[in-house]
Amino acid sequence: MAEQSGMGSAQLLFSIKAPQSGVDGKTHISWQPDGNYVAIAGNNRQIQVVDRYGQVVDDVALTAGGVVLDISWDKDGEVLAILQSGNSAIIMWDAAQRKTMTPVETNMKDLCWMQWSKVGPQLAVGSGKGNLIIYNRRTTRMNPLLGKHSKKITAGAWNS
């Protein structure tokens, strides 16, 4: 990459090999907001959390559910949420403790989408039946918004 307007050029920090990440298809990558960790999910039902120098911080083995559908950090980079096919619970990984927390049970089937709020501790989770839950990480409360949509929730966004 060429240097532009006084900005430095891009620099390769590390690379991840396919056997290491279990990648033979879709890969999910999510950088922690402060940029210290990157979470990587392949098709091997395992999340690898790597620091900015390529050192593995944790291997999160997923025992329930199927392939990983999405991974996402909360706004503060404290928690990584993991969404899997065939699992009604959201797996949470705590960055400070470097361990998996108690899963958040949604009691919904066919989870297919999630998105953290950009300003608060809320996680929106959508299902294939059009149901939506807002989970508050600080209070551990879940607010179901059932029956709001008649079709699968495939995407969404928070306004401020």
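The values are calculated or read from the model by the stated rules, or taken from the named source; none is laboratory data. Just so it is clear, the model here is predicted, and its values are computed rather than measured. Here the Cβ positions follow ideal geometry from the backbone for every residue, glycine too, while neighbour counts run over all protein chains shown. Accessible surface is based on the protein model in full, side chains and every heavy atom, while ligands, DNA and RNA are left aside. Shrake-Rupley method; radii C 1.70, N 1.55, O 1.52, S 1.80 Å.
Cross-link list K99/K152; K75/K151; K99/K129; K75/K99: which exceed 26 angstrom alpha carbon to alpha carbon? Over 26 Å apart, Cα to Cα: K99/K152; K75/K151; K99/K129. For the chain, the solvent-accessible area works out to 58 Å² per residue, with a probe of 1.4 Å and every protein chain left in place. Listed by chain and number, the aspartates and glutamates whose C-alpha is less than 15 Å from the C-alpha of K26, apart from same-chain residues fewer than 8 away, are D70.
Grab the beta carbon distance between K109 and N43, set R0 = 25 Å, and tell me the FRET efficiency rounded to 0.05. Please report the intermediate quantities before stating the final value.
Details: r = 22 Å, r/R0 = 0.87.
Rounded to the nearest 0.05, the efficiency is 0.70.
Using a probe radius of 1.4 angstrom, the carbon and sulfur fraction of the accessible surface of the chain is 48%. Per residue of the chain, the DSSP helices (runs of n ≥ 4 H) give a summed -39500 (n - 2.57) that works out to -500 deg cm²/dmol at 222 nm. Mind running the shape call on the stretch 44-125? Use the C-alpha gyration tensor, a ≥ b ≥ c as the square roots of the eigenvalues: rounded below 1.5 for a/c, prolate if a/b tops b/c, oblate otherwise. It is oblate, given that a/c is not under 1.5 and a/b is not larger than b/c. Out of every Cα-Cα pair in the chain, what percent are more than 25 Å apart? Summing the P(r) tail past 25 Å for the chain gives 34 percent. For the stretch 81-160, the alpha-carbon radius of gyration amounts to 1.06 times the rule-of-thumb value 2.2 N^0.38 Å expected for a compact globular protein.
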